[in-house]
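S.K.: Here's a structure for you.
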Amino acid sequence: MEKKWWHDKVAYQIYPKSFLDTNGDGIGDLRGIINKLDYLKELGIDIVWISPVYCSPLVDQGYDISDYYNIDPRFGTMEDMDELLREAKKRDIHILMDLVVNHCSDQHEWFQKALKDPDGEYGKYFYIREGKDGNPPCNWRSYFGGSAWEPIPGTDKYYLHLFAKEQPDLNWENPKVRREIYKMINWWLDKGLAGFRIDAIINIKKDLRFRDFPADRPDGLCSCFVMLAESGGPGEFLRELKKETFDRYDAFTAGELFNYKEEDLPDYIGADGYFSTIFDFSSETAGGSEKGWYDRRKISPDEYRDILYRVQHITEGMGFMANIIENHDEPRGVSRYLPEGECTEDAKKMLATVMMMLRGLPFIYQGQEIGMTNCAFPSIEDIDDINSRDEYQVAVQAGCSKEEALKAIERYSRDNCRTPFQWSAEENAGFTSGKPWLMVNPNYTQINAGQQMSEEDSVLSHYKRLIRLRKSEEYKEVVVYGSFRAVYTAEKNLIAFLRKGEEKTLLILANFQKEGRILPWGSELKKVLINNKKQLDVQEDKIFLEGYQAVVLEICLE
Ligand code: TEU
Ligand code: CA
């Protein structure tokens with residue numbers, strides 16, 4: 001595999017609205033990010049992805065863009081953005097913006113013009129079709145609920161929106177639209193961005209037959225995933241996109257794709273792939289149900305392990321996945337993957353150790369580094385997210401009681417990761433001096449960055465140690481490029497693998513259970529590099545692991 005500048009980096013996602021508010025309006029802002037660049041540097045971060053800060057009505061929190069060339073005043077100004085780029089550069093931090101080009105906002109100038117004249121030039125920027133006998137053109141369901149088609153008032157026409165109705169899909173089949181998008185991307189890259197995280201990109205290629213599929217829920221509609229699988233895929237668009245934009249700047253790109261075909265993976269992340277990397281969502285999608293969140297299932301430690309191993313194997317020698325345990329669309333990883341009642345500091349450090357030692361590019365989501373957890377929202381009114389509100393309705397309609405529905409939302413709500421960052425034990429967790437736009441998780445008095453910064457054995461300090469190991473001159477080669485091999489595969493509740501580099505071999509052991517265990521041992525232990533417990537008991541032919549103990553060992557393989 002050809003080496004790239006970003007392979008040995010550590011990336012971090014910022015959800016600006018919830019990161020740090022500097023003017024007391026309850027909404028995080030660009031100045032808040034500037035203020036915390038030293039915090040990120042100290043943590044060891046090299047690449048920062050900032051969720052959207054463009055002008056937006058915030059129906060989907062910035063993923064509905066009304067002007068791609070300006071910053072929403074709630075987040076700051078273009079001067080703030082330029083300053084952020086300059087200040088980041090001083091610290092060798094590369095900034096990625098979020099590229100949301102499957103759709104725009106219904107308030108975007110293009111869509112406003114399209115509504116006025118659906119048959120005119122701008123009508124062709126979107127997918128506008130006639131209805132069928134007073135019904136939408138076909139039975140596709142939007143990801144946020146209901147038909148993916150919305151009627152255009154005063155006509156018999158509908159426009160397509162795979163997400164909210166305020167997010168009309170852009171017509172990638174139209175070369176003019178593609179040119180507009182490339183121009184905008186290059187304008188941003190000229191400003192000095194390192195690249196982009198690319199939103200919902202699999203969706204840009206539609207099945208242009210716009211026909212019905214068998215319904216998969218009582219609403220008579222069918223998930224868009226089915227149509228996407230029939231669409232032929234976005235390959236041609238992505239090749240052109242790369243050539244017209246990213247290639248010209250050697251930009252770094254991380255694609256968001258939930259549903260690619262495995263045989264297409266080399267096209268996405270291989271030597272000449274459309275993207276530098278894509279996010280690995282395989283453990284996030286596992287346990288999912290067609291019926292909705294209320295029917296989701298928690299995955300077991302062994303399932304989690306098998307999923308990770310599989311992805312390590314299929315990407316070997318091909319490319320790098322972007323590894324995550326959470327992001328702004330998911331519940332907190334520690335609440336999701338650790339068994340109920342076992343979300344301790346040790347267990348959090350164990351998950352961190354596994355994630356950071358896998359082959360691939362780690363993306364830490366804000367607050368993950370201090371072990372932030374899901375939030376017990378008192379009622380559905382305390383939830384803002386459009387997706388969660390829809391899933392609540394889906395649950396109630398399927399016969400769940402209000403309490404059951406709220407439980408499901410509490411487990412999987414996207415707002416779990418969107419509660420304000422817990423900076424300190426002060427009021428509102430030090431996030432704002434005003435009223436936060438979304439409730440602060442009440443556990444901020446126990447879980448906050450301020451306290452963890454001064455504690456050697458905090459989750460934060462553990463992440464720092466893992467990042468330092470990854471970046472150290474001595475171990476960099478093996479942590480970044482070392483091959484992956486699963487070991488102790490017959491054991492239950494154990495994640496164990498080797499990373500073999502040119503000169504060094506690391507053994508990662510993570511005891512994914514509260515009970516201690518004994519493993520047979522036959523290697524020569526050279527050094528304990530990471531340990532989330534005070535001790536490690538290694539004897540000639542046995543090694544003892546405490547419950548949730550996680551270690552990274554340098555060993556000599558015979
Ligand atoms: O997410 C795309 C996407 O498929 C998600 O909506 C996902 O299905 C859902 O979050 C699972 O709960 C991206 C963004 O990350 C998300 O925040 C946006 O809402 C969405 O695109 C639309 O832009
Ligand atoms: Ca603010």
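S.K.: Quick one: is Asp46 within 13 Å of ligand 1 (Cβ to nearest atom) and open to solvent by less than 30 Å² (accessible area, probe 1.4 Å)?
M.R.: no
S.K.: For the structure I just gave you, tell me whether Asp106 is open to solvent by less than 40 Å² (accessible area, probe 1.4 Å), more than 22 Å from the chain's Cα centre (by Cα), farther than 25 Å from Phe275 by Cβ and of a type in the set (D, E, K, R).
M.R.: For Asp106, the condition - open to solvent by less than 40 Å² (accessible area, probe 1.4 Å), more than 22 Å from the chain's Cα centre (by Cα), farther than 25 Å from Phe275 by Cβ and of a type in the set (D, E, K, R) - is met.
S.K.: Here are some conditions: (1) assigned to a loop (DSSP other than H, G, I, E, B); (2) more than 16 Å from ligand 2 (Cβ to nearest atom); (3) free of Cβ contacts under 8 Å to residues at least 40 places away in the same chain. Pro73 meets all but one. Which one does it not meet?
M.R.: Here Pro73 meets the rest and fails (2).
S.K.: I would also like to ask the following. When the residues of the stretch 305-358 are narrowed to those that are among the basic types (Lys, Arg) and out of contact with any Leu (no Cβ under 8 Å at 6 or more places or on another chain), which ends up farthest from ligand 2 (Cβ to nearest atom)?
M.R.: By that ranking, first place goes to Arg310.
S.K.: On to the next question. Only residues that are among the β-branched types (Val, Ile, Thr) and either in contact with a Ser or Thr (Cβ under 8 Å, 6 or more places away or on another chain) or under 18 Å from Lys243 (Cβ atoms) (or both): list them for the stretch 172-203, please.
M.R.: Within the stretch 172-203, Val177, Ile181, Ile185, Ile198, Ile201 qualify.
S.K.: Hey, Ile364 hits all of (1) touching a residue at least 24 places away in the same chain (Cβ under 8 Å); (2) over 21 Å from the mean Cα position of the chain (by Cα); (3) under 30 Å from Lys534 (Cβ atoms) but one; which does it fall short on?
M.R.: Unmet condition: (2).
S.K.: I'm told Ala425 meets every condition in (1) open to solvent by less than 20 Å² (accessible area, probe 1.4 Å); (2) free of Cβ contacts under 8 Å to residues at least 40 places away in the same chain; (3) assigned to a loop (DSSP other than H, G, I, E, B) except one. Can you identify the failing condition by its number?
M.R.: The single condition Ala425 does not satisfy is (1).
S.K.: Can you tell me which residues in the stretch 30-43 are within 16 Å of ligand 2 (Cβ to nearest atom), open to solvent by 10 Å² or more (accessible area, probe 1.4 Å) and not hydrophobic (A, V, I, L, M, F, W, C)?
M.R.: Selection gives Arg31, Asn35, Lys36.
S.K.: Taking Gly134 as meeting all but one of (1) free of Cβ contacts under 8 Å to residues at least 24 places away in the same chain; (2) in contact with a Cys (Cβ under 6 Å, 6 or more places away or on another chain), write down the number of the exception.
M.R.: (2)
S.K.: Also: Please specify each residue of the stretch 341-354 satisfying the condition of being open to solvent by 10 Å² or more (accessible area, probe 1.4 Å) and either closer than 27 Å to Lys500 by Cβ or touching a residue at least 12 places away in the same chain (Cβ under 8 Å) (or both).
M.R.: Hits for the stretch 341-354 are Glu342, Cys343, Thr344, Glu345, Asp346, Lys348, Lys349.
S.K.: So which residues in the stretch 428-466 are part of a loop (DSSP other than H, G, I, E, B), buried (at least 20 other Cβ atoms within 10 Å of the Cβ) and either more than 16 Å from ligand 2 (Cβ to nearest atom) or without any contact (Cβ under 8 Å) to a residue 24 or more places away in the chain (or both)?
M.R.: Answer for the stretch 428-466, where residues must be part of a loop (DSSP other than H, G, I, E, B), buried (at least 20 other Cβ atoms within 10 Å of the Cβ) and either more than 16 Å from ligand 2 (Cβ to nearest atom) or without any contact (Cβ under 8 Å) to a residue 24 or more places away in the chain (or both): Asn441, Ile447, Asn448, Ser458.
S.K.: Then there is this: Identify all residues within the stretch 3-26 that are open to solvent by 10 Å² or more (accessible area, probe 1.4 Å), within 14 Å of ligand 2 (Cβ to nearest atom) and part of a loop (DSSP other than H, G, I, E, B); write none if there are none.
M.R.: Matches in the stretch 3-26: Leu20, Asp21, Thr22, Asn23, Gly24, Asp25.
S.K.: Strands (runs of 3 or more DSSP E) wholly in the stretch 109-169 with at least 1 residues that are open to solvent by 80 Å² or more (accessible area, probe 1.4 Å) and in contact with a Lys or Arg (Cβ under 7 Å, 6 or more places away or on another chain) - which ones?
M.R.: Filter on the stretch 109-169 gives 128-130.
S.K.: Which residues, counting only those in the stretch 230-274, are under 25 Å from Glu173 (Cβ atoms), open to solvent by 80 Å² or more (accessible area, probe 1.4 Å) and either outside any loop (DSSP other than H, G, I, E, B) or of a type in the set (Val, Ile, Thr) (or both)?
M.R.: Within the stretch 230-274, Glu236, Arg239, Lys243, Asp247, Arg248, Glu263 qualify.
Per-residue answers, yes or no, for (1) aromatic (Phe, Trp, Tyr); (2) over 25 Å from Tyr69 (Cβ atoms):
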| position | (1), (2) |
| --- | --- |
| Glu109 | no, no |
| Gln112 | no, no |
| Gly120 | no, no |
| Gly123 | no, no |
| Phe126 | yes, no |
| Asp133 | no, yes |
| Pro137 | no, yes |
| Ser142 | no, yes |
| Ser147 | no, yes |
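S.K.: Right, another one. Sort out which residues of the stretch 76-106 are of a type outside the set (Gly, Ala, Ser), closer than 29 Å to Tyr122 by Cα and either assigned to a helix (DSSP H, G or I) or within 16 Å of ligand 1 (Cβ to nearest atom) (or both), and write them in order of number.
M.R.: Of everything in the stretch 76-106, those that are of a type outside the set (Gly, Ala, Ser), closer than 29 Å to Tyr122 by Cα and either assigned to a helix (DSSP H, G or I) or within 16 Å of ligand 1 (Cβ to nearest atom) (or both) turn out to be Met78, Met97, Asp98, Leu99, Val100, Val101, Asn102, His103, Cys104, Asp106.
S.K.: Could you check how many residues of the stretch 117-158 are closer than 30 Å to Ala395 by Cα and away from ligand 1 (no atom under 16 Å from the Cβ)?
M.R.: Residues flagged as closer than 30 Å to Ala395 by Cα and away from ligand 1 (no atom under 16 Å from the Cβ) within the stretch 117-158 amount to 13.
S.K.: How many residues are open to solvent by 10 Å² or more (accessible area, probe 1.4 Å) and over 22 Å from the mean Cα position of the chain (by Cα) when one looks only at the stretch 190-210?
M.R.: Number of matching residues: 6.
S.K.: Is it the case, given these coordinates, that Ile508 is surrounded by fewer than 18 Cβ atoms within 10 Å (Cβ to Cβ), part of a strand (DSSP E or B) and in contact (Cβ under 8 Å) with a residue 40 or more places away in the chain?
M.R.: It is false that Ile508 is surrounded by fewer than 18 Cβ atoms within 10 Å (Cβ to Cβ), part of a strand (DSSP E or B) and in contact (Cβ under 8 Å) with a residue 40 or more places away in the chain.
The values are calculated or read from the model by the stated rules, or taken from the named source; none is laboratory data. This one's a predicted model, so the numbers in the text were calculated from it and none came from an experiment. Backbone-built Cβ (ideal geometry, glycine too); neighbour counts: all protein chains shown. Surface accessibility is based on the protein's heavy atoms, side chains included, excluding ligands, DNA and RNA. Shrake-Rupley method; radii C 1.70, N 1.55, O 1.52, S 1.80 Å.
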